[in-house]
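The values are calculated or read from the model by the stated rules, or taken from the named source; none is laboratory data. It should be emphasised that the depicted structure is a prediction, and the values quoted were computed from it without experimental measurement. So basically every Cβ, Gly included, is an ideal-geometry build from the backbone, and we count neighbours across all protein chains shown. When the accessible area is computed, the model is the full protein with side chains, heavy atoms only, and any ligands, DNA or RNA have been set aside. Shrake-Rupley method; radii C 1.70, N 1.55, O 1.52, S 1.80 Å.
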Amino acid sequence: MRKDALHNRERLLRAARSLFADRGLDVPLEEIARTAGVSIGTLYNRFPTRAELVEAVFEDRVATVAELAERSLAMDDAWEGFVAFIAGVCELQAADLGYNDLAIRGGTADTDTGYALMQQIIERAQESGALRDDVTLEDMAFVIWGVAATVRATFRVAPGVWRRHLALTLDGLRATAAHPLPAPPMTPAQTRTAMNNCP
């Protein structure tokens, strides 16, 4: 890539990162190009689709989530590892409306790896007896969606209130608090469909 092309790419990524963080993933691409000081044609030359721009902007966040998962799996206490992972992901959501949107919608390049790591975290916490044994990987979508909605609603007025939401949710996930669940869990296909229907 030529030096000027690389420079334009970095300017676009900086502009997109800032605008996404402040307003979410639906910022008009024309505004991103204008903020970066380049034409919309230059943006499309570097990133032919919005999805490619989003993936480039959040590549580091995907890596961060994988690191959170690995650290959580290495913790001696399986429940503390489970909580540390969920809280870590929610902290990323709370700090960045763009990542908050991405967490709801899913679909990053490394989604399968992330799901596999989360499945290990869940199984380990269940084997320890701390996490209720009827929780599935797909149920974790409810946690992410719930916190995401709280983050979106309180981002500018009460930025830390999501922690209360998460604490209430985690108490409901403890094995000692378990009561029979009222409906069967969603299948992976149903979860993907629901993610696609998220605004």
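So the values come out like this:
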quantity: Calculated diffusion of the chain, Stokes-Einstein form, Kirkwood radius summed over Cα pairs, 37 °C and 0.692 mPa s, µm²/s; calculated: 181 µm²/s
quantity: Debye log10 I(q)/I(0) for region 1-55, one point scatterer per Cα, at q = 0.23, 0.24, 0.30 Å⁻¹; calculated: -0.81, -0.88, -1.36
quantity: Rounded percent of accessible protein surface that carbon and sulfur make up, the chain, 1.4 Å probe; calculated: 55 percent
quantity: Overall form of region 1-99 per C-alpha gyration tensor (a/c, 1.5; a/b vs b/c); calculated: prolate
quantity: Centroid-to-centroid separation of region 46-89 and region 143-185 [C-alpha atoms, Å]; calculated: 19 Å
quantity: Trypsin sites (Lys or Arg not before Pro) restricted to region 2-79 and DSSP loop, no more than 15 other C-beta within 10 Å; calculated: ARG2
quantity: Heavy-atom surface of the chain, accessible at 1.4 Å and reported per residue (Å²); calculated: 54 Å²
